[in-house]
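Okay, structure first, notes after.
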Amino acid sequence: MKRTGRTIWFVTIMAISALMVTACSDGSDGELSGAMSNLSASPTWALASYNGEWTVNQQVVDTARLDVTDVLSVRLPETFLTHLCFSQSGAENALSYYSETDGVKASEIKPLGLPTAIEIKDQGYTDEAVFSYFSAKASVNNGTTVYRPAYFLVTVNGTKYHVELLSSDKGSAIRRSDTMGWTIAITVNGFCVTNTENFKEQFISTPPITLYYNTTERIR
């Protein structure tokens with residue numbers, strides 16, 4: 001693919017910077033509500049589908065389709081995340097855990113390729129974009145708030161595991177009015193892996209990384 005990760009990264013950083021500086025508009029609450037109502041009513045935002053790219057450190061790690069309804073439905077870069085979750089140097093205990101309970105190697109843990117559904121809430125706007133954050137569930141551990149912004153599913157010898165991303169922030173999404181496209185940002189600080197049969201949980205810490213998703217074309 002000829003599109004460079006550097007271009008996507010630059011656009012994303014500019015958009016996130018705009019969020020930090022201008023998301024809270026100087027206009028009244030009525031102006032904000034009216035602007036968002038107009039955007040919500042516009043067919044350019046409703047029931048749309050896009051192709052897009054996931055990037056990490058300015059490099060494309062996966063491609064995926066984004067479906068926009070009342071939620072954002074997109075497949076996470078599962079192969080990348082599975083490797084990060086089960087192959088990090090800090091995850092030996094997790095590898096041992098799966099080896100002992102399921103008799104498999106980490107390489108035999110397979111993602112299912114299903115999209116995750118992300119609920120978002122609008123936070124602010126500019127003339128160029130509307131900024132939103134994820135409606136992510138959170139827990140507090142030793143005074144630190146940990147969010148669970150998205151998830152994916154894997155199987156191990158026929159057993160399904162629910163893998164939630166653990167993050168220091170909720171996650172964000174930007175709707176751009178110039179291209180009608182989307183940018184999604186998710187910080188990953190670790191994972192919570194749950195056996196869906198016995199509900200046993202395994203927590204895995206990883207070095208923090210940020211996933212960026214940018215739409216490349218609208219397909220519906």
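The values are calculated or read from the model by the stated rules, or taken from the named source; none is laboratory data. Everything numeric here is computed off the predicted structure, so don't read it as measured data. As a convention, Cβ positions derive from the backbone with ideal geometry for all residues, glycine included, and neighbour counts pool all protein chains shown. The area values use the complete protein model at the heavy-atom level, side chains included, leaving out ligands, DNA and RNA. Shrake-Rupley method; radii C 1.70, N 1.55, O 1.52, S 1.80 Å.
Quantify, in whole percent, the carbon and sulfur part of the accessible surface of segment 100-220 (1.4 Å probe; protein heavy atoms only). Working shown, then result.
On the way: 2750 of 5890 Å².
That share works out to 47 percent.
Quick one: which of 195-203, 57-65, 165-173 comes out on top by average Cβ neighbours within 10 Å, and what's the full order, highest first?
Numbers: 195-203: 12.3, 57-65: 15.6, 165-173: 20.9.
So the order, starting with the most tightly packed, is 165-173, 57-65, 195-203.
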